[in-house]
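Visitor: Sharing a structure with you now.
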Amino acid sequence: MKESKEFSDFDGGELVKMARKSVTEFLRNNSKINNAAFDSKFDFSSGVFVTLNKQNSLRGCIGYPLPIKKLSEGLIDAAISAATHDTRFSPVTADELDKITFEVTVLTPPVEIKVEQPSEYLIEIKVGRDGLIVENPYTSGLLLPQVPIEYDWNVEEFLGYTCEKAGLEKNAWKDITTKISKFEGIIFKEETPKGKVVREQL
């Protein structure tokens, strides 16, 4: 995928605006948007998440951790799913769109963190740079890089809450059967609903 420096602020604006357009089109007309120029520009595979916030509270967040789809396709699917299929929330309505801000996180491919002792995770993981995926043979959980910044967590807290996201005990990261991977994110977000799109620096 592109490196962070290769995503211009203009690119970020296009991604966030397309996320909003996709949800608007789906909620108002029950159809998926089609934009050939956008598809052509972002035709490389990449993980991506779309986050919806309403009055500084989470309203939906869904995405693809792995680069299994073209960014153009994954973005649109993630945006619609964040608005309509996040089971933590009721589906977003068209009337809410003017109160919601859209945020897009483009992910680097996850890399498993290899350690000999779990305590080494505390050195290998950097808050403000890394997102985490915690997995075992039965379940998995993911938290984006911006989450520990928002909640002022340290690395150990970040690990614990990612384990909880996977439905595990907070200290499951200390179990040798638990696989932990990290990734980085390039984040673009609306400052206000339908407002200026900015690159978020963690």
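The values are calculated or read from the model by the stated rules, or taken from the named source; none is laboratory data. All figures in this text were calculated on a predicted structure; none of them were measured in a lab. A quick note on method: Cβ atoms are made from the backbone with ideal geometry, for glycine too, and the neighbour counts reach across all protein chains shown.
Visitor: For the range 27-62, give me the residue count where each residue is surrounded by 16 or more Cβ atoms within 10 Å (Cβ to Cβ) and outside any strand (DSSP E or B).
Guide: So the count comes out to 5.
Visitor: Which condition breaks for Ala19 when tested against (1) in contact with an Asp or Glu (Cβ under 9 Å, 6 or more places away or on another chain); (2) without any contact (Cβ under 8 Å) to a residue 60 or more places away in the chain?
Guide: So the condition that Ala19 fails would be (2).
Visitor: If you don't mind, another one. Report whether or not Val198 is touching a Cys at 6+ places or on another chain (Cβ under 8 Å), part of a strand (DSSP E or B) and either modelled with pLDDT of 95 or more or not assigned by TED's automatic domain parsing to the domain that holds Cys61 (or both).
Guide: Working: touching a Cys at 6+ places or on another chain (Cβ under 8 Å): no; part of a strand (DSSP E or B): yes; either modelled with pLDDT of 95 or more or not assigned by TED's automatic domain parsing to the domain that holds Cys61 (or both): yes.
So Val198 fails the test.
Visitor: I would also like to ask the following. What are the residue pairs meeting all of these: first residue in the range 133-152, first residue in a helix (DSSP H, G or I) and surrounded by fewer than 17 Cβ atoms within 10 Å (Cβ to Cβ), second residue at pLDDT 95 or above and among the aromatic types (Phe, Trp, Tyr), Cβ atoms under 8 Å, and 6 or more apart or on different chains?
Guide: Tyr151/Tyr161
Visitor: Evaluate the range 113-128: report whether one residue or more is closer than 17 Å to Pro65 by Cβ, under 16 Å from the mean Cα position of the chain (by Cα) and touching a residue at least 40 places away in the same chain (Cβ under 8 Å).
Guide: We begin by selecting, within the range 113-128, every residue closer than 17 Å to Pro65 by Cβ; these are 113, 125.
Still in the running and under 16 Å from the mean Cα position of the chain (by Cα): none.
No, the range 113-128 has no match at all.
Visitor: Collect the residues in the range 63-101 that are under 16 Å from Phe44 (Cα atoms), more than 14 Å from the chain's Cα centre (by Cα) and in a helix (DSSP H, G or I), keeping them in residue-number order.
Guide: Result: Ser72, Glu73.
Visitor: Does Lys179 qualify as being farther than 26 Å from Ala19 by Cβ and surrounded by 13 or more Cβ atoms within 10 Å (Cβ to Cβ)? Before you say what the answer is, go through the steps one by one.
Guide: Values: farther than 26 Å from Ala19 by Cβ: yes; surrounded by 13 or more Cβ atoms within 10 Å (Cβ to Cβ): yes.
Criteria met by Lys179.
Visitor: A follow-up question, please. Looking at the range 103-120, which of the residues that are of a type outside the set (S, T, N, Q) and closer than 18 Å to Ile149 by Cα is surrounded by the most Cβ atoms within 10 Å (Cβ to Cβ)?
Guide: If we filter the range 103-120 for residues that are of a type outside the set (S, T, N, Q), which is where we start, we get 103-104, 106-107, 109-116, 118, 120.
Next, from what is left, pick out any that are closer than 18 Å to Ile149 by Cα: 103-104, 106-107.
Details: Glu103: 21, Val104: 29, Val106: 25, Leu107: 25.
Out of the qualifying residues, it is Val104.
Visitor: Here are some residues: Ile180, Ile186. Which one is closer than 17 Å to Tyr138 by Cα and in contact with a strand residue (DSSP E or B) (Cβ under 6 Å, 6 or more places away or on another chain)? First the steps, then the outcome.
Guide: Numbers: Ile186 fails: closer than 17 Å to Tyr138 by Cα.
None of the others qualify; the one that does is Ile180.
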